[in-house]
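To start, the structure under review is shown below, and the notes come after it.
The values are calculated or read from the model by the stated rules, or taken from the named source; none is laboratory data. Since the model is a prediction, treat every value here as computed from it, not as a measurement. Reconstructed Cβ throughout: ideal geometry from the backbone, glycine too, with neighbour counts over all protein chains shown. Ligands, DNA and RNA are stripped out before the accessible areas are found, and what is left, the full protein with its side chains, is counted by its heavy atoms. Shrake-Rupley method; radii C 1.70, N 1.55, O 1.52, S 1.80 Å.
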Amino acid sequence: MRPFFRHLVASAAVAAAALVVASPLSAAATLTGHAKDLFDVSLSWQDQFWDEKAGYLITADLTLPGRWDTRQTAWYSVGLLYRNQDGDVARAKRIINQIIDMQYTEPGNAWYGTYQQSPEEPLPGTSIYAASAYDSYDPNWRDFISTAWIVAIEEFSGRLGGDLVDKMVASMKVSALGALTR
């Protein structure tokens, strides 16, 4: 299987597992059989792409404009919250804060409310990086990342804390406004 598709399958498995109602302890411990195996293998596979210095997953998608992948990293944070082992919640909070800090928040642009595809991606609409939907920015990432935030808040708000939940909700509002003006 090609690395990009493995990355996609791993993210899908983590997301599916995160939709199961979480317990106060490690939610992953409540999974059984094949579901637990799939979750464990998927998150372990993503763990190997973690770049501690950057705070992102290294991308397996060579079409992205950088070394790291914001969308996959957002869903990885949900998996970390679900697994809830040593350091997982702190890493998830770091990821969430970083991604929200990279959201395009200047109204009036077509990319308003979406997120950088990679932390080193230049600002769209500049002389070095022309604005082009699905190339220099992807308006659908508003939805992909906001969906990760919805799952994280719904299932793990107690692990995130009120301030981060408020920041995530504010980010989703910007995403929704951006989608409405699209």
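Does segment 58-74 hold any residues that are open to solvent by 40 Å² or more (accessible area, probe 1.4 Å) and part of a helix (DSSP H, G or I), and which are they?
Correct list: 71 only.
Conditions: (1) more than 25 Å from residue 161 (Cβ to Cβ); (2) at pLDDT below 95. Residue 114 meets all but one. Number of the miss?
The failed condition is (2).
Name the residues in segment 143-169 that are of a type in the set (A, V, I, L, M, F, W, C) and under 17 Å from residue 116 (Cα atoms), would you? Full working, then the answer.
Taking segment 143-169 first, the residues of a type in the set (A, V, I, L, M, F, W, C) are 144-145, 148-153, 156, 160, 164-165, 168-169.
Selection gives 144, 145, 148, 149, 168.
Would you call residue 128 of a type outside the set (D, E, K, R), open to solvent by 50 Å² or more (accessible area, probe 1.4 Å) and without any contact (Cβ under 8 Å) to a residue 12 or more places away in the chain?
yes
Would you check if residue 100 is more than 14 Å from residue 54 (Cα to Cα), in a helix (DSSP H, G or I) and under 15 Å from the mean Cα position of the chain (by Cα)?
Working: more than 14 Å from residue 54 (Cα to Cα): yes; in a helix (DSSP H, G or I): yes; under 15 Å from the mean Cα position of the chain (by Cα): yes.
In short, yes.
Can you tell which of 92, 110, 179 is hydrophobic (A, V, I, L, M, F, W, C), touching a residue at least 40 places away in the same chain (Cβ under 8 Å), farther than 17 Å from residue 64 by Cα and open to solvent by less than 30 Å² (accessible area, probe 1.4 Å)?
92
If we scan segment 134-146, do we find a residue that is buried (at least 20 other Cβ atoms within 10 Å of the Cβ), in contact with a Gly (Cβ under 6 Å, 6 or more places away or on another chain) and either without any contact (Cβ under 8 Å) to a residue 24 or more places away in the chain or among the basic types (Lys, Arg) (or both)?
yes
Please verify whether residue 171 is outside any helix (DSSP H, G or I) and closer than 16 Å to residue 75 by Cα, treating the condition exactly as stated.
Details: outside any helix (DSSP H, G or I): no; closer than 16 Å to residue 75 by Cα: yes.
The answer is no for residue 171.
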